[in-house]
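Asker: This is the structure I have questions about; it appears just below.
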Amino acid sequence: MTLVAAARRPGLRRVEQIMGTAISLDLADDLPAATLHELAGDTFAWLREVDARFSTYRADSEVCRLDRGELPLAGASADLRAVLERCADLWTGTDGYFDAYATGRLDPSGYVKGWAAQVASDRLVAAGAPNHCVNAGGDVRVRGHAATGDPWRIGVRHPWDPAATCLVLTGTDLAVATSGVYERGHHVVDPRRGAPATGLRSVTVVGPDLGVADAYATAAVAMGEAGIGWLDRLPGPWRHAVVTDDARLLHSRALPLVP
Amino acid sequence: MRRALLAITGLAAGTTALVVLKGTPGTGQAAPDRPVAQAPVAAGGSAAPAPAPSGVTPSARPSASAKPSARAGAGRTPGARGGTTTRATTAAPRATTSAPKVSTRTVTGPTVAYRYGSLRVQITLSGSRIVDATGLDMPVGGQEGLRADDVQARYSGSSGEVVAKQSANLDTVSGATYTSTAYKQSLQAALDKA
């Protein structure tokens with residue numbers, strides 16, 4: 001039975017708990033089992049490394065040591081310095097609504113998870129696995145085609161029903177990040193008011209880079225309804241879908257929906 | 001005579017306030033981030049401190065058009081959000097004499113049409129002095145709601161529909177970050193087991 005299933009569906013799927021969430025990897029390339037396992041092993045090793053270095057929950061992480069002043073910026077890794085630069089760019093690019101210092105201390109998590117998954121996906125392409133899906137706790141990076149041979153189909157979770165979706169996207173090269181208040185309560189804080197953000201129940205941003213998509217989605221939620229207009233003015237490749245607190249669904253005209 | 005002068009000054013202030021109230025929708029729309037401040041000052045020096053803007057554009061919080069330069073969030077009054085009948089009291093003209101005993105009365109102005117609909121202004125006078133000004137029939141949600149509608153009008157046919165459930169053959173699910181525990185109940189977990 002297993003052999004039949006394996007024959008029908010090439011590739012490998014694996015889930016690991018990292019960064020306080022579940023990360024699902026779907027390798028769809030028809031590669032030898034040993035190669036697939038090695039690729040999956042490398043991918044999860046990278047994500048665990050990011051967690052160890054960037055976690056705000058680990059006192060010995062690079063981020064925590066930098067925040068406490070024990071590590072000079074010049075002594076920080078190239079990755080960390082690059083992440084901090086991107087966070088600064090995103091702060092500017094989101095009118096201050098994406099704020100790695102929103103909690104009063106350095107917390108780049110809002111960018112790091114998406115960035116780590118994006119890097120993992122880039123590395124898989126470079127390693128000869130151009131057909132894959134990385135899902136880091138709801139932030140998705142797809143490339144190529146699923147094992148069925150069709151473009152990837154990405155559901156967007158229904159904001160009131162964990163077992164349903166409200167949109168289905170499809171594509172061969174997409175980063176899809178969703179931020180919302182339904183999973184962990186009104187945890188997104190409007191950094192300007194210091195109060196929980198309201199107005200938008202869920203924001204999904206689709207584009208070329210998962211770290212940026214995640215930061216944009218978080219920023220839009222923090223903006224409240226003003227975030228709709230802000231998203232609408234994002235340039236070129238960025239697309240979005242919004243569900244308001246009163247259950248209205250709005251989305252870009254060019255959102256890659258399943259026909 | 002002095003009393004008459006006061007009454008005239010008060011009337012001037014009242015007229016100015018009404019003009020300000022009437023004129024504001026355009027102002028608020030053109031520069032939503034700077035709602036108050038630049039209201040004309042009454043000739044009599046009885047500065048009616050722009051009662052309207054907070055009433056007409058209840059959402060004084062950072063608007064969608066806020067640019068980085070507005071980051072400091074200066075001039076925001078978060079509390080104004082959603083206040084469909086946000087009131088703004090006018091400052092009393094500086095009376096140098098003790099005011100005579102007067103009764104309070106309320107006057108409702110005519111319905112004024114503006115870009116996003118129509119509104120009426122209600123003022124409360126104590127004698128000839130405006131002590132309160134309120135916008136009536138304000139659109140629910142204020143400026144932000146209007147912006148959303150603007151955006152909605154520019155979207156495709158599926159815009160603004162009630163969020164519906166879709167079922168389809170899925171490979172993966174994007175959603176707000178779940179905890180490791182919440183993952184177990186997630187649709188993604190079901191897909192991973194499939």
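The values are calculated or read from the model by the stated rules, or taken from the named source; none is laboratory data. As the structure is a prediction and not an experimental result, all values here were calculated from the model. Neighbour counts run over all protein chains shown; Cβ positions are idealised from the backbone, glycine included. These area figures cover heavy atoms from the full protein model, side chains too; ligands, DNA and RNA do not enter into them. Shrake-Rupley method; radii C 1.70, N 1.55, O 1.52, S 1.80 Å.
Asker: Per residue, how big is the convex hull around the C-alpha atoms of region A:113-210? Give it to me in cubic angstrom, could you? Spell out each step's value before the answer.
Answerer: Values: hull volume 10.2 nm³, N = 98.
Taking only Cα atoms, region A:113-210 has a hull volume of 104 Å³ per residue.
Asker: How much of the accessible area of chain A, probe 1.4 Å, is carbon plus sulfur, in whole percent? Please list the in-between numbers first.
Answerer: On the way: 5460 of 10090 Å².
Answer for chain A is 54 percent, counting heavy atoms of protein chains only.
Asker: Any residues in region A:15-44 that have 30 Å² or more less accessible area with all protein chains than in their chain alone, probe 1.4 Å, and which are they?
Answerer: A:V15, A:Q17, A:G20, A:T21, A:A22, A:S24
Asker: Semi-axes of region A:12-251's equivalent ellipsoid from the Cα gyration tensor, sqrt of 5 times each eigenvalue, largest first, rounded to whole Å? Working shown, then result.
Answerer: Values: eigenvalues 147, 122, 43 Å².
Here the semi-axes work out to 27, 25, 15 Å.
Asker: Once the whole set of protein chains is in place, how much accessible area is left on A:D173, using a 1.4 Å probe, in Å² to the nearest 10?
Answerer: So the heavy atoms of A:D173 present about 90 Å² to solvent.
Asker: Just reorder A:Y101, B:Y183 by solvent-accessible area, largest first, 1.4 Å probe, all chains present. Write down the numbers at each step before the final one.
Answerer: Numbers: A:Y101 125, B:Y183 20 Å².
Solvent-accessible surface, decreasing: A:Y101, B:Y183.
Asker: Ranked highest first by average number of other Cβ atoms within 10 Å, how do A:190-199, A:237-246, A:135-144, A:250-259 line up? Walk me through the numbers on the way to the answer.
Answerer: Numbers: A:190-199: 18.2, A:237-246: 20.6, A:135-144: 27.4, A:250-259: 16.5.
Those peptides, ordered most packed to least, come out A:135-144, A:237-246, A:190-199, A:250-259.
Asker: What does the buried accessible surface come to for A and B, summed over both chains, with the probe at 1.4 Å? Round to 100 Å². Walk me through the intermediate numbers first.
Answerer: On the way: alone 12470 and 12830 Å², together 20360 Å².
Buried area (both sides, nearest 100 Å²): 4900 Å².
Asker: Right, next: Relative to the present Cα-Cα distance, how much length would full extension add between A:D89 and A:E49 at 0.36 nm per residue of separation? All intermediate terms of the calculation are to be shown ahead of the outcome.
Answerer: Numbers: separation 40, 0.36 × 40 = 14.40 nm, distance 2.41 nm.
In short, 12.0 nm is gained.
Asker: To the nearest 10 Å², what's A:M19's accessible area with a 1.4 Å probe?
Answerer: Ignoring ligands and nucleic acids, A:M19 comes out at about 50 Å².
Asker: Roughly speaking, what is the stretch gain from A:A59 to A:A78, that is 0.36 nm per residue apart minus the C-alpha to C-alpha distance, in nm to one decimal?
Answerer: Working: separation 19, 0.36 × 19 = 6.84 nm, distance 2.00 nm.
Stretched fully, the A:A59-A:A78 segment lengthens by 4.8 nm.
Asker: Roll a 1.4 Å probe over the protein heavy atoms and report the accessible area of A:W160 in Å², nearest 10.
Answerer: Result for A:W160: roughly 110 Å² accessible.
Asker: Counting only other residues whose beta carbon sits under 9 Å from that of A:L80, what net charge do I get with K and R as +1, D and E as -1?
Answerer: Numbers: positive: A:R53, A:R81; negative: A:E62, A:D79.
Neighbour charge sum, excluding A:L80 itself: 0.
Asker: Tell me, what are the semi-axes, in whole angstrom and largest first, of the equivalent ellipsoid of region A:1-150 as set by the roots of 5 times the Cα gyration tensor eigenvalues?
Answerer: Working: eigenvalues 229, 49, 32 Å².
Result for region A:1-150: semi-axes of 34, 16, 13 Å.
Asker: Probe of 1.4 angstrom, ligands and nucleic acids ignored: what's the accessible area per residue over region A:22-163, in square angstrom? Intermediate values should be presented prior to the final figure.
Answerer: Numbers: 5730 Å² over 142 residues.
Averaged over the residues of region A:22-163, the accessible area is 40 Å².
Asker: Determine the relative contact order of chain A: mean sequence separation of Cα pairs under 8 Å and six or more apart, normalised by residue count, in whole percent. Walk me through the numbers on the way to the answer.
Answerer: Working: 496 pairs, mean separation 38.8, N = 259.
RCO, chain A: 15 percent.
Asker: Please check region A:162-179 for residues whose accessible area, probe 1.4 Å, is lower by 30 Å² or more when all protein chains are in place than in their chain alone.
Answerer: SASA drop of 30 Å² or more in region A:162-179: A:P162, A:T165, A:C166, A:V168, A:T178.
Asker: What net charge do the residues around B:D192 carry, taking every other residue with its C-beta under 9 Å from that of B:D192, with Lys and Arg at +1 and Asp and Glu at -1? Write out the running numbers ahead of the final one.
Answerer: Values: positive: A:R13, A:R14, B:K193; negative: A:D26.
Spelling it out: positives minus negatives among the neighbours equals +2.
Asker: Taking R0 as 51 Å, what's the FRET efficiency between A:D246 and A:D42 from their Cβ-Cβ distance, rounded to 0.05?
Answerer: Working: r = 45 Å, r/R0 = 0.88.
Once rounded, the FRET efficiency stands at 0.70.
Asker: Once amide H atoms are built 1.01 Å from N in the peptide plane, which residues 5 or more positions from A:D190, or in another chain, come under 5 Å H to H?
Answerer: Amide H neighbours of A:D190, under 5 Å, 5+ apart: A:A195, A:A197.
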